[in-house]
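To start, the structure itself, in C-alpha cells.
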Amino acid sequence: MRPFAYERAVSAEDALNRHTDDTQYLGGGTNLVDLMRLGVATPARLVDVARLPYDRIEHRADGGLVIGAAVRNSDLAADLGVRDDHPLLAQAVLAGASGQIRNQATVGGNLLQRTRCPYFQDVTKPCNKREPGTGCPAVHGDNENMAILDHSPHCVATHPSDMAVALTALDARVRVRHPGGEDVVPLARLYRSPGDDPSRDTTLRPGDLITAVEVPARLDMPARYRKVRERASFAFALVSAAVALDVADGTVRDCRIALGGVAHRPWRAHRAEDALRGRPATEASYRAAAEVELAAAEPLSGNAYKVTLAVNVITAALAGLGEDA
C-alpha cells in the first residue's frame, strides 16, 4: 500500500493554495482511484474538490448552460432543461459507464479522465504517456482499439469520454481557475495531440482547476449521439459520433459532427462538415462527407476496421436525423 494525504478544499482559492507538484485534485474519483490502485497514479496528496460550490446547473434564457464542475454525471443527464435543450449531451452522458459510476463521477473529472489503453494501465509495460521515453508498444502491439487519426509514433491512445465528444460538437468552453485569475478555454483547445509528449492530455498547467463548463445557446437543429462498443453497457467507444443536422428543402444548411474513440482527443470532423453543407440531404451525401474526413486516417496494423466503422457510424447517425428533418 502506498500512503498518501487527503485534504478537502473549502474554496477554489484554497484548492489552488494546497496544490503542489505531487498533488492531484480529486473529483468523483472513479478514474483516479482506479489508477492509484494500479500504481499508475502515485500522488502524495489528494485535494478533494468535489464538495466545492460548483454542483449547480445554470440555465440561461437562450438555452445555454453553465454546468458546475462538481455536478454529478447522473444529475446532468437527468436534468429536464438539459434533456429538452441539449438532448445530444444527455444521450452522450447516458452512453458512458454504469448508473452507479455516473452517480459518483463529476463533470470536471469526466473531462480529465485518462486513456484506457492497456499499456498505460499496466505498470509492467513501457508507456510514453505514463513514463516518457520508455516507448509505445501499442504502435506494433495490441492496437485494435487505438487511434486512427492524429496519433504519433510516441502514442496511439484514444480519449475515453463520451461527454467530451458531445461538448465538442456543441462548441462548449471550460472555465479554468489558476493563481492569476480565470480563463475560459474552448474545449477544442483544452485537449492536445500526443506529439512527442503524450504524458500531457490537456493544455492545462499544473494546479489549474476546472470550475465549470459553458454550453452555448441551444442548437436549432436535431442532434443525436451514436456509440458503437464491444458490449451493450459499460464499455468505451470503438467509434462514437455526436451529430446535428439542419435541412431545408432537401439541402443541408448546417451540421455538426464530432467523433470519439478515434483520436487522442475528441475529434471535430470539420472536413466532413464543410463537405456536407450545401449538399443534398441524402445518405450518399452523408457517406461522401464521412469519407472526406476519414481520408486522413492512418490506421494501425489491427484497427483498419475503424475507418469503415467511423464512416458507417457518421452516415447512419446523419441519416437518422435526416429522416426526422
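Just a few scattered comments:
- Springs join every pair of Cα atoms under 10 Å in this Gaussian network model of the chain, and among Val71, Val213, Val40 the largest mean-square fluctuation is at Val40.
- In terms of the mean number of neighbouring beta-carbon atoms within 10 Å, the peptides 146-152, 262-268, 194-200 order highest first as 262-268, 146-152, 194-200.
- Stretching Ser199 away from Ala78 to a fully extended chain increases their span by 40.1 nm, per 0.36 nm per residue minus the current alpha-carbon distance.
- The length gained on full extension between Glu291 and Asp22, counted as 0.36 nm times the residue separation minus their Cα-Cα distance, comes to 92.4 nm.
- Ellipticity estimate at 222 nm from DSSP helix runs (n ≥ 4, -39,500 (n - 2.57)) divided over the chain, nearest 500: -8000 deg cm²/dmol
- Sequence-separation-based contact order of the chain, relative, with Cα cut under 8 Å and 6+ spacing, percent: 17
- Take the Cα of Ser301, step 7 Å toward its Cβ, do the same at Ile101, and the gap between the two points is 2.9 nm.
- Here the relative contact order of segment 223-323, from alpha carbon pairs under 8 Å that lie six or more residues apart, stands at 27 percent.
- Helices meeting the span-like rule in the chain (full DSSP H runs, Cα extent of at least 15 Å along the helix axis, mean Kyte-Doolittle score of 0.0 or higher): 305-324.
- For segment 195-236 and segment 124-140, distance of Cα centres in Å: 24
- In summary, the chain shows an alpha-carbon radius of gyration equal to 0.98 times the 2.2 N^0.38 Å reference for compact globular proteins.
- Contact order relative to length of segment 156-270, as percent, for alpha carbon pairs under 8 angstrom and 6 or more apart: 32
- Shape analysis of segment 223-323 yields a ratio of the Cα radius of gyration to the Kirkwood radius, Rg/Rh, of 0.97.
- Note on the chain: GNM, Cα springs under 10 Å; of Val228, Val215, Val33, the largest mean-square fluctuation is that of Val33.
All of the numbers you see were taken from the coordinates with simple rules; none came from a lab. Just so it is clear, the structure is predicted and the values come from calculations on it, not from any experiment. Every residue, glycine among them, receives a Cβ derived from its backbone with ideal geometry; neighbour counts consider all protein chains shown.
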